[in-house]
Every structure is written in structure tokens, then in C-alpha cells.
Amino acid sequence: ELEETGTEALPRRTPAPAWVPTAKGEEGDFCLRSSDCAAGLCCARHFWSKICKPVLREGQVCTRHRRKGAHGLEIFQRCQCAEGLACRPQRELGPADTARLHICQRH
């Protein structure tokens, strides 16, 4: 004779963490580090969170930091220049404002 207990044995399940990325993040997706983002993207600050943003291409404006650690002061962070490019002062001579601009250029 079987004894009835009124409860069924359910398989144990471990809860999934709240944020588990299943694939690499696309542009605009939240991230913690650049390895969370798809190829051609980096994880950069946008206001008080971080999102996947495109790596900079030749001719795009980049940020050159004079002091170490200054990168942490930006609210809108840019990605670095793509491989083979460096962030250098704009080559053309022009008004004082444009002379301070840095752009991604070939080495």
C-alpha cells in the first residue's frame, strides 16, 4: 500500500543570474567591459552607465588624454581608434579651435 503525502517531488532548479549575456552586445547594449561587446565595438561610459559603442575609424574625432586617469572624468566616453590608427592632432592649419581637435590617423 502507498502512503499519500499530498506533495509531488519537483526537480531542483537553480535560478539564473539577473544579467547573463547570451551573445556579444550590439551598439547601444549595456556592458561591463569591452569583451561584452561584438567585434568593432568597445564598452564606454554613456552618462552613468556603460554601453557598446563603435571603435573609431580614420578621420573621426578622438579623445587624447594628457594626464593618466583623465579618462574616468568623461560622462560621454569615446572608444579608442581602430587598429593601425593613432589619435593625433588634426593636420590642417585652421582656426584655433580646430587645431586642438584630435582625429584618428594612420601611423
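Given the whole protein assembly as supplied and a 1.4 Å probe, what does the accessible area of E26 come to in Å², nearest 10?
So the heavy atoms of E26 present about 110 Å² to solvent.
Provide I75, I51 ordered by accessible surface of protein heavy atoms (probe 1.4 Å), highest first. Show your work: numbers first, answer last.
On the way: I75 75, I51 25 Å².
Accessible-area ranking of I75, I51, largest first: I75, I51.
The values are calculated or read from the model by the stated rules, or taken from the named source; none is laboratory data. All figures in this text were calculated on a predicted structure; none of them were measured in a lab. To get the accessible areas, we keep the full protein, side chains included, count just its heavy atoms, and leave off ligands, DNA and RNA. Shrake-Rupley method; radii C 1.70, N 1.55, O 1.52, S 1.80 Å.
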